[in-house]
Amino acid sequence: MRVTIVLIIMMLFVGALMAEVAKSPVALYLQKPEMDSFARAVSYLLEESGKNEEKSLQYQLNLAYIANYEAMRILDQLSEKIDELGNGEKFSLANIYLGMDKYEQAIKIYDKLNETSPKWSCPWRHKGEAYYKMGDFQAVAKALEQAIETNKEHYDAYIWMGLTLYEMQDYKRALEQFEIAKKLNAEEEDSHFDETIPDEKLEQIYLDLLEKTKK
């Protein structure tokens, strides 16, 4: 009889605990993900992390999980409404995909921008970077040719073209691209999404090209 009573009490306790967990802002957000429920879940996790040092890392992991979940949810929504976005918004979305190594998704959006704004150099340049990271150097060269055609002073386009020609072992032309880039302002075409290639790496490749093209 006592065992039965103890079991009943334990079951009630576990049930109450599970119900409490199910009502937590995190669980509610996952049941109905939206901006408001996400904000409440973040506030909850930050508050609980400050209260309970032993579980702080777990709360941080939970925060990382729902932050990633929310980011992907928003990106999916924006992708579905791509035709409603302005060119600047499309460009930002494509660059986010590029930064996430989702190259095919990024290229699809760059393609749209190339069609609607063919004289805008940056989408051509960034599409070249996406193809570069996919290893499709022929496609890189075509995209970067357009980037340079639409902006003769696009520093990053010359740099990526130089890197591409270096990979294609066309060392003479690669060196020419680096020489042109050295005469341009590296900051002028900063889109705030450009990958920063270490100066040491660029200098190393440049010196290698000088050696390879030496007569």
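Where a number appears in this text, it was derived from the coordinates with a stated rule and is not lab data. Keep in mind it's a predicted model, so treat the numbers as computed, not measured. A quick note on method: Cβ atoms are made from the backbone with ideal geometry, for glycine too, and the neighbour counts reach across all protein chains shown.
Here are the numbers for the structure shown:
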| read-out | value |
| --- | --- |
| Two-site label geometry, Ala186 and Trp120: point separation in nm, points 7 Å out along Cα→Cβ | 2.7 |
| Answer label, with Cα extents along the principal axes in Å calculated from the coordinates and candidates [x] 98, 40, 27; [y] 56, 43, 35; [z] 47, 40, 38 | [x] |
| Cα-based helix-to-principal-axis angle, 137-150 vs the chain, degrees rounded to 10 | 70 |
| Förster radius 30 Å - calculated FRET efficiency between Ser92 and Lys55 (Cβ-Cβ, nearest 0.05) | 0.25 |
| Per-pair calculated FRET efficiency, R0 = 35 Å: Ala71 and Leu210 via Cβ, rounded to 0.05 | 0.20 |
| Length-normalised contact order for segment 103-212 - Cα pairs under 8 Å, 6+ apart - percent | 20 |
| Sites Glu84 and Asp170 - FRET efficiency at Förster radius 45 Å, r taken between beta-carbons, to 0.05 | 0.60 |
| Relative contact order of the chain, pairs being alpha-carbon contacts under 8 Å that are 6 or more residues apart, as % | 9 |
| Most fluctuating residue given options Ala94, Ala141, Ala64, as computed from a GNM of the chain linking Cα atoms under 10 Å | Ala64 |
| Flagged links, alpha-carbon separation over 22 Å, of Lys152/Lys182; Lys55/Lys102; Lys90/Lys133; Lys90/Lys127; Lys23/Lys81 | Lys55/Lys102; Lys23/Lys81 |
| Globularity ratio of segment 101-189, using Cα Rg and 2.2 N^0.38 Å | 1.02 |
